[in-house]
Amino acid sequence: MSPSSKTVSRLPQATYQRVLAGQVAVVTGASSGIGKAVALGLAAAGASVVVNYASGSTAAEEVVDKIESSGGRAIAVLADVAKETEVQDLFRVAIKTFGTVHILVNNAGLQRDAALVDMTLDQWNTVLSVNLTGQFLCAREAAREFMRREVDRRISVAAGKIICISSVHEMIPWAGHANYAASKGGVVMLMKTMAQELAPLRIRVNSIAPGAIRTPINVGAWDTPQAYQNLLKLIPYKRIGEPEDIAQVAVWLASDASDYVNGTTLFVDGGMMLYPGFVDNG
Ligand code: NAD
């Protein structure tokens with residue numbers, strides 16, 4: 001049977017070693033999709049997690065409940081990552097609750113798609129302000145806290161870790177999504193520049209660039225068999241990614257096991273970056 005949106009099997013339950021015990025993580029946009037899976041993964045690896053959300057507390061509280069019912073620690077904090085004072089408050093609450101922050105996962109993101117000639121300034125600004133400015137604002141607050149605390153080797157050999165959730169569209173142009181592609185292209189240079197600037201302080205900054213992951217942001221790309229078959233043409237590995245695929249990489253990037261990894265984008269995309277259009281000689 002050919003794989004379809006219905007027949008594709010979910011990943012086996014991930015098992016996590018407690019490699020993040022004693023650490024505190026802030027995950028933005030953590031009430032759904034990739035952010036939710038990352039929050040649960042970091043918590044399963046032993047981190048206390050600040051579950052940031054943008055509106056409506058129910059889904060975020062469910063993530064917190066899930067973490068707490070597994071014996072972990074978490075709080076849900078409302079903040080718009082595009083607003084400076086709300087981001088500052090987010091970190092203030094995180095530090096007041098858990099003492100410090102060791103890990104930031106810059107995950108919050110959105111799309112406002114339109115053809116270039118139809119794109120409004122509001123659509124452009126909304127995407128840039130959440131996907132790029134939001135990552136800057138959160139990274140700045142995280143770095144300030146990492147510098148204040150410095151390294152505590154009993155917890156981690158790094159003072160802090162920042163993980164930017166980017167996209168294959170940091171490299172692949174995307175017609176009809178100029179605002180989104182520009183925002184993720186901006187994340188590359190933000191990430192690399194932060195990595196270069198902060199490395200002497202033992203702060204590591206890296207990106208995860210997902211390919212197509214099964215989340216609410218891209219339902220139309222996988223929720224019918226026809227859409228799913230079309231999507232698979234772009235994925236040499238012939239399955240959609242699951243949020244847990246990203247969570248497992250985030251746990252590794254946040255842990256000391258990746259201590260010498262800095263300023264890098266890790267593509268987690270089933271080979272989407274391999275130019276699958278050339279598989280039949282172009
Ligand atoms: P999603 O829509 O489930 O998650 C995005 C989250 O960001 C939501 O919880 C949303 O509420 C939150 N958010 C939006 N604006 C916010 C704001 N101003 N402040 C705080 N939170 C805000 O979709 P997802 O696929 O899980 O997306 C997560 C990240 O992964 C995004 O950065 C997205 O660009 C990236 N990504 C996703 C895919 C994919 O295929 N799903 C591929 C590449 C990159």
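The values are calculated or read from the model by the stated rules, or taken from the named source; none is laboratory data. Keep in mind that this is a model prediction, so the values were computed, not measured. With ideal geometry, Cβ positions are generated from the backbone for all residues, glycine too; neighbour counts draw on all protein chains shown.
Looking at residue 29, is it within 12 Å of the ligand (Cβ to nearest atom), in a loop (DSSP other than H, G, I, E, B) and touching a helix residue (DSSP H, G or I) at 6+ places or on another chain (Cβ under 8 Å)? Here the answer is yes, as residue 29 does meet what is asked. Residue 200: more than 13 Å from the ligand (Cβ to nearest atom), outside any helix (DSSP H, G or I), farther than 23 Å from residue 11 by Cβ and without any contact (Cβ under 8 Å) to a residue 40 or more places away in the chain, yes or no? So residue 200 does not fit the description; no. The number of residues in the range 221-256 being within 11 Å of the ligand (Cβ to nearest atom), more than 12 Å from the chain's Cα centre (by Cα) and either of a type outside the set (A, V, I, L, M, F, W, C) or assigned to a strand (DSSP E or B) (or both) comes to 2.
Criterion applied to 77, 87, 51 was being part of a strand (DSSP E or B), crowded, with 24+ Cβ neighbours inside 10 Å and within 16 Å of the ligand (Cβ to nearest atom), and the one residue passing it is 51. Scanning the range 130-180 for residues that are more than 13 Å from the ligand (Cβ to nearest atom), of a type in the set (A, V, I, L, M) and surrounded by 16 or more Cβ atoms within 10 Å (Cβ to Cβ) gives 139, 142, 143, 155, 158, 159, 162, 178.
Taking the range 90-112 as the region of interest, how many residues are away from the ligand (no atom under 12 Å from the Cβ) and either assigned to a helix (DSSP H, G or I) or over 26 Å from residue 202 (Cβ atoms) (or both)? Within the range 90-112, residues that are away from the ligand (no atom under 12 Å from the Cβ) and either assigned to a helix (DSSP H, G or I) or over 26 Å from residue 202 (Cβ atoms) (or both) number 8. Looking at this structure, is residue 37 within 12 Å of the ligand (Cβ to nearest atom), modelled with pLDDT of 95 or more and either within 30 Å of residue 226 (Cβ to Cβ) or out of contact with any Ser or Thr (no Cβ under 9 Å at 6 or more places or on another chain) (or both)? It is true that residue 37 is within 12 Å of the ligand (Cβ to nearest atom), modelled with pLDDT of 95 or more and either within 30 Å of residue 226 (Cβ to Cβ) or out of contact with any Ser or Thr (no Cβ under 9 Å at 6 or more places or on another chain) (or both).
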